[in-house]
Each structure stands twice: as structure tokens, then as C-alpha cells.
Amino acid sequence: MDQLKRVIEQKGKVLSDQVLKVDSFLNHQIDADLMMNMGKEFADHFKNSGITKVMTIESGGIAPALCTAMVLDVPLLFAKKAEPSTMKHPLTTSVHSFTKNKDYKLCVESELLNSSDVVLFIDDFLANGEAFKGICRLVDQAGARMAGAGICIEKAWQNGRQAVLEKGMDYLALASIASMSPETGIVWRE
Ligand code: 5GP
């Protein structure tokens, strides 16, 4: 998606050959026009997949996932990283955080995800696919079906891309990075 790639080139900061900082437009301050256009791209791609629910993880995935859910006219359910006392019957799993390099618990209220749901996973980044696999486990626990994954920024050399493709589901990355470094910048995977 050209608009996303141009914004990444102008405003993204390559912190290392593994980490891209996008806090001025994607996961801290949010470029609303870009979010809506990404939501339209995802929704257009997955519009015939029978999606009943969009899922993501708080907080980085919420903005693009919400825009996608708005266009598809389905609810967004985001997994929480801490279990609130108000959650009666949580589905839970443990996920390893790429950016924090530690495990955390993911939970969703079981009443909000049921066996008839067809789920689209949306997230800001795909690195090693741990977030994706965590959401897959929650969807499995609910007896629901994961129908597709939409990622804003894929780092194609990390393990996540393979993990998603191995599941055999429909997959769309809006911007795919082949490699990057603070010295040379970003090389796009075409
Ligand atoms: P994964 O679970 O695929 O290993 O990593 C994806 C998650 O880690 C995303 O939800 C995102 O929050 C975070 N993440 C992965 N790579 C990057 C990165 O290069 N920059 C930022 N800001 N977050 C990342």
C-alpha cells in the first residue's frame, strides 16, 4: 500500500535491523486518514470471507483493527494483556512479546467469542508471529474459526510470515520489509 510505505519512509525510525519505530503515526500518535485507508484495504481484501469478528491485541493493533471492523460492519474484539476483575469467564493464553522480550498473559471474555465466529486477525506488525499464534489459540479455545490475517507492517525475514502461511489462511500485509538497518534504511519486499 503506497500511502503506508511513504509514511513509513518519511516518519518511521529504524532503531536497529530488527525494530522499526512508528509512534508518530501508528501505535502512539495515530494518523487517522492512514488508519481509515488501511481499514478499507483490509476490508476490501477480506470482504468475501464471511468475517463475523475482527480481533487484535491491545494496544497497537486497535486503530487499524477498528477501522477494518467499521468498514466490514462487524465488532472488534481486542485481547487484553491483563485480566480485569470484571472478566467472568476468561479464555487465556501466554504470549512472548517481541518488543519487551518477556511473556505476558492474553485474555478475552469467553462470552464475546463463540463457536459460530469467523475471525480476522489484524495487527500493526508481524515479527515472529507470537501475537498471531496467541490469538489463534484463543480462537481455538472458543471453537471459532480463524479465516485470515491482515498485517500493516510485515518484517518478512522474521518467522511470523512463515507461521501465518503454514496455517494456510488468507493473508495480506500492506507493507512488507525485506530488510532494514539504521545505516541503509528500509528495503521493501516487492
Ligand atoms: P510478533 O508477535 O509477531 O513476534 O510481534 C508482533 C508484535 O510485536 C506486534 O503486535 C507489535 O506490537 C510488536 N512489534 C514487532 N515488531 C515491531 C517493531 O519493529 N516495532 C514496533 N514498534 N513493534 C513491533
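The values are calculated or read from the model by the stated rules, or taken from the named source; none is laboratory data. Worth saying up front: this structure is predicted, and the values here are computed from it rather than measured. No Cβ is skipped: glycine too gets one built from the backbone with ideal geometry, and neighbour counts run over all protein chains shown.
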>> So Ile57 ticks every box in (1) within 19 Å of Gly129 (Cα to Cα); (2) away from the ligand (no atom under 16 Å from the Cβ); (3) surrounded by 20 or more Cβ atoms within 10 Å (Cβ to Cβ) but one. Which box is left unticked?
In response: (2)
>> Given the condition modelled with pLDDT of 95 or more, crowded, with 20+ Cβ neighbours inside 10 Å and of a type outside the set (Val, Ile, Thr), answer yes or no: does some residue in the stretch 92-105 qualify?
In response: no
> Quick one: how many residues across the stretch 7-20 are within 10 Å of the ligand (Cβ to nearest atom) and either outside any loop (DSSP other than H, G, I, E, B) or within 14 Å of Pro64 (Cβ to Cβ) (or both)?
Replying inline: 3
>> Given the criterion under 24 Å from Ser179 (Cβ atoms) and of a type in the set (A, V, I, L, M, F, W, C), identify the matching residue among Ile8, Ile51, Ile57, Ile30.
In response: Ile8
>> Residues that are within 24 Å of Leu72 (Cα to Cα) and of a type in the set (A, V, I, L, M, F, W, C): does the stretch 176-184 have at least one?
In response: no
>> Let me spell it out: the conditions are (1) of a type in the set (A, V, I, L, M); (2) under 18 Å from Met36 (Cβ atoms); (3) assigned to a strand (DSSP E or B), and Ala65 meets all of them except one. Which number is the exception?
In response: (3)
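Take the residues of the stretch 106-120 that are touching a Lys or Arg at 6+ places or on another chain (Cβ under 6 Å) and either β-branched (Val, Ile, Thr) or touching a residue at least 40 places away in the same chain (Cβ under 8 Å) (or both): which is surrounded by the most Cβ atoms within 10 Å (Cβ to Cβ)?
That would be Val119.
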> Which pairs have Cβ atoms under 6 Å, sit 6 or more apart or on different chains, and link a residue in the stretch 23-52 that is closer than 15 Å to Phe125 by Cα to one that is part of a loop (DSSP other than H, G, I, E, B) and of a type in the set (Gly, Ala, Ser)?
Replying inline: Asn27/Gly60
> Which is over 17 Å from the mean Cα position of the chain (by Cα) and either among the charged types (D, E, K, R) or within 15 Å of the ligand (Cβ to nearest atom) (or both), of Asp31, Asp23, Asp73, Asp44?
Replying inline: Asp73
>> With the structure loaded, tell me whether Thr99 is within 15 Å of the ligand (Cβ to nearest atom), of a type in the set (S, T, N, Q) and part of a strand (DSSP E or B) or whether it fails that test.
In response: no
>> Quick check on my filter: what residues within the stretch 76-96 are assigned to a strand (DSSP E or B), aliphatic (A, V, I, L, M) and more than 16 Å from the ligand (Cβ to nearest atom)?
In response: Leu91
